[in-house]
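The values are calculated or read from the model by the stated rules, or taken from the named source; none is laboratory data. Nothing here was measured: the structure is a model prediction, and the numbers come from that model. Positions of Cβ are backbone-derived with ideal geometry, glycine not excepted, and every protein chain shown enters the neighbour counts. In case anyone asks, the SASA skips ligands and DNA or RNA and just uses the protein heavy atoms, side chains included. Shrake-Rupley method; radii C 1.70, N 1.55, O 1.52, S 1.80 Å.
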Amino acid sequence: MNEVTRSALAEHPFLRGMPPASLDVLAAASTDVCFPAGHRIFEDGGFAGKFWLIQSGHAALDVQVPGLGRAVIDHVHMGELLGCSWLFPPYRWAFGAVCAGPVRAFEFDATAVRARCEADPLFGYEVTRRFLRVFASRLQSTRSRLIATSIAAGAGGSAAGNA
């Protein structure tokens, strides 16, 4: 694990344009980590004590489906945020995440970042605003996938009904 600098964080797309003082706070709460392919970063239902900004590679988000095993529901790629459950109680992962290949990331101590968000409203607003953009984007992506799945199921059903 290596020390993370303000300048290294400033280059990550998620943090681009963040005030230098805020980057310093995040740098103090982070480390540079590498995970091998197949490494489970976190498990659905586990305590959400960390979050990551992916520098290289990507991770698959999955859920445990009773009777079927794990189902991949999305991917988080280079330049993106991994882990949102740390920001809101009860601080439990809503999904699991596993490395699809080698992953390098900035890893953040969620408790330290959350405490700073509470103590410094301007910092908290800056962090929350960036997370909300991710939430909105992922919600829109999920909506699009659900519509596409619904259309495909309807087309399949129509064709079967006409046969």
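The table that follows gives values for the structure above.
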{"item": "Tally of residues being open to solvent by less than 60 Å² (accessible area, probe 1.4 Å) and assigned to a helix (DSSP H, G or I) across segment 113-122", "result": "4"}
{"item": "Where E43 falls short, out of the listed (1) touching a Cys at 6+ places or on another chain (Cβ under 8 Å); (2) in contact (Cβ under 8 Å) with a residue 12 or more places away in the chain", "result": "(1)"}
{"item": "Scope segment 86-106; condition in contact (Cβ under 8 Å) with a residue 60 or more places away in the chain and over 23 Å from R70 (Cβ atoms); matching residues", "result": "R104, F106"}
{"item": "Matching strands (runs of 3 or more DSSP E) fully within segment 1-112 where at least 2 residues are modelled with pLDDT of 95 or more and open to solvent by 10 Å² or more (accessible area, probe 1.4 Å)", "result": "30-35, 40-42, 50-56, 103-109"}
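To keep it simple, each residue is scored yes or no on (1) of a type in the set (A, V, I, L, M); (2) surrounded by 12 or more Cβ atoms within 10 Å (Cβ to Cβ); (3) part of a helix (DSSP H, G or I); (4) modelled with pLDDT under 85.
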| site | (1), (2), (3), (4) |
| --- | --- |
| G124 | no, yes, yes, no |
| R130 | no, yes, yes, no |
| A136 | yes, no, yes, yes |
| T142 | no, yes, yes, yes |
| I147 | yes, no, yes, yes |
| A153 | yes, no, yes, yes |
| S158 | no, no, yes, yes |
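Residue-wise test of (1) farther than 23 Å from S141 by Cα; (2) hydrophobic (A, V, I, L, M, F, W, C).
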{"residue": "A8", "(1), (2)": "yes, yes"}
{"residue": "F14", "(1), (2)": "no, yes"}
{"residue": "F35", "(1), (2)": "yes, yes"}
{"residue": "G38", "(1), (2)": "yes, no"}
{"residue": "G49", "(1), (2)": "yes, no"}
{"residue": "A59", "(1), (2)": "no, yes"}
{"residue": "E80", "(1), (2)": "no, no"}
{"residue": "W86", "(1), (2)": "no, yes"}
{"residue": "A94", "(1), (2)": "no, yes"}
